[in-house]
Amino acid sequence: MNKYHVRVEFSHPEDFHPEANQGFRISRYALSQLTKNHLGHEVLEIESFNHLKNNPETLVSLSHTKDAAAAIIANHSDYQGIGIDIEWRTRKYRPGIEKYFLLESDDKELPLLDLWCAKEAAYKAYFPHYRGEKVLVIKDLIIKNSKFYIEGNVDALGDILFENTEDYILAIALLEKKK
């Protein structure tokens, strides 16, 4: 049984926060459905980038891309942090863009878009807990063997999971509890 719950949405009701932009609407709709189904009530507000408002025990992460969104929730007693990223498989990127996020030590078996999604999810899971001296950037994270690391550290921070479909890539990062 999973200790986390994920919801992917491709649309939202027209009357769901009509004043907000599309990315907000679809990602918050995914979160609303997730919280209704697993917490018994709708919660849409997030605090400190990583937990539900007035509920620091429920971790949350959101992602959206054109016409798709994903949300994940988990209990803080199970993970230190969580992150999620979704991208369409057909997403185009500029040649050479990998120099901004790819490291020599990253998993060479993963397609470039999968690595990008994994790093985005790992960043979301780790960023609220980062206490380093320099500003954390996505290129500081290493993805290797379904784990994520901070560059220069041999100990894995957590796990990377993928849900790959014909249409989209969904990456989930689960930051392990401190031992």
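The values are calculated or read from the model by the stated rules, or taken from the named source; none is laboratory data. Everything numeric in this text was worked out from a predicted model, so none of it was measured. Positions of Cβ are generated from backbone atoms using ideal geometry, with glycine treated the same way; all protein chains shown enter the neighbour counts.
Only a single criterion out of (1) under 27 Å from ILE142 (Cα atoms); (2) in contact with an Asp or Glu (Cβ under 9 Å, 6 or more places away or on another chain); (3) part of a helix (DSSP H, G or I); (4) not basic (Lys, Arg) is not satisfied by GLU98, namely (2).
Kindly check whether there is at least one residue in region 10-21 that is touching a residue at least 24 places away in the same chain (Cβ under 8 Å) and either charged (D, E, K, R) or touching a His at 6+ places or on another chain (Cβ under 8 Å) (or both). No, every residue in region 10-21 fails to be touching a residue at least 24 places away in the same chain (Cβ under 8 Å) and either charged (D, E, K, R) or touching a His at 6+ places or on another chain (Cβ under 8 Å) (or both). Of the residues screened, ILE46 is not one that is touching a Ser or Thr at 6+ places or on another chain (Cβ under 6 Å), closer than 26 Å to LYS178 by Cβ and at pLDDT 90 or above. Scanning for something buried (at least 19 other Cβ atoms within 10 Å of the Cβ) and either under 19 Å from TYR168 (Cβ atoms) or of a type outside the set (D, E, K, R) (or both), does region 88-97 turn up at least one residue? No, because not a single residue in region 88-97 is buried (at least 19 other Cβ atoms within 10 Å of the Cβ) and either under 19 Å from TYR168 (Cβ atoms) or of a type outside the set (D, E, K, R) (or both).
Conditions (1) in a loop (DSSP other than H, G, I, E, B); (2) under 23 Å from CYS117 (Cα atoms), marked per residue:
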| position | (1), (2) |
| --- | --- |
| HIS5 | no, yes |
| ALA20 | yes, no |
| ALA30 | no, yes |
| SER61 | no, yes |
| ALA70 | no, yes |
| ASP85 | no, yes |
| TYR93 | yes, yes |
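Scanning region 152-166 for residues that are under 21 Å from PRO111 (Cα atoms) and among the β-branched types (Val, Ile, Thr) yields a total of 2.
Could you please let me know if ASP167 is out of contact with any helix residue (DSSP H, G or I) (no Cβ under 9 Å at 6 or more places or on another chain), surrounded by fewer than 16 Cβ atoms within 10 Å (Cβ to Cβ), in contact (Cβ under 8 Å) with a residue 24 or more places away in the chain and farther than 11 Å from ALA118 by Cα? It is true that ASP167 is out of contact with any helix residue (DSSP H, G or I) (no Cβ under 9 Å at 6 or more places or on another chain), surrounded by fewer than 16 Cβ atoms within 10 Å (Cβ to Cβ), in contact (Cβ under 8 Å) with a residue 24 or more places away in the chain and farther than 11 Å from ALA118 by Cα.
Anything in region 49-74 that is of a type in the set (A, V, I, L, M, F, W, C) and within 10 Å of the chain's Cα centre (by Cα)? List them, or say none. Of everything in region 49-74, those that are of a type in the set (A, V, I, L, M, F, W, C) and within 10 Å of the chain's Cα centre (by Cα) turn out to be VAL60, LEU62, ALA70, ALA71, ILE72. Considering the conditions (1) touching a residue at least 24 places away in the same chain (Cβ under 8 Å); (2) buried (at least 16 other Cβ atoms within 10 Å of the Cβ), ALA156 is excluded by exactly one of them, (1).
Look at GLU9 and say whether it is in contact with a Phe, Trp or Tyr (Cβ under 6 Å, 6 or more places away or on another chain) and at pLDDT 90 or above. When the stated conditions are applied, GLU9 passes them.
Scanning region 121-178 for residues that are over 30 Å from LYS66 (Cβ atoms) and among the basic types (Lys, Arg), we see that the one that is farthest from the chain's Cα centre (by Cα) is LYS134. Every condition in (1) hydrophobic (A, V, I, L, M, F, W, C); (2) crowded, with 17+ Cβ neighbours inside 10 Å; (3) touching a helix residue (DSSP H, G or I) at 6+ places or on another chain (Cβ under 7 Å); (4) under 22 Å from ASP167 (Cα atoms) holds for PHE101 except the one numbered (4). Each residue in region 33-80 was checked for being surrounded by fewer than 17 Cβ atoms within 10 Å (Cβ to Cβ), closer than 17 Å to GLU120 by Cβ and touching a helix residue (DSSP H, G or I) at 6+ places or on another chain (Cβ under 6 Å), and 1 pass.
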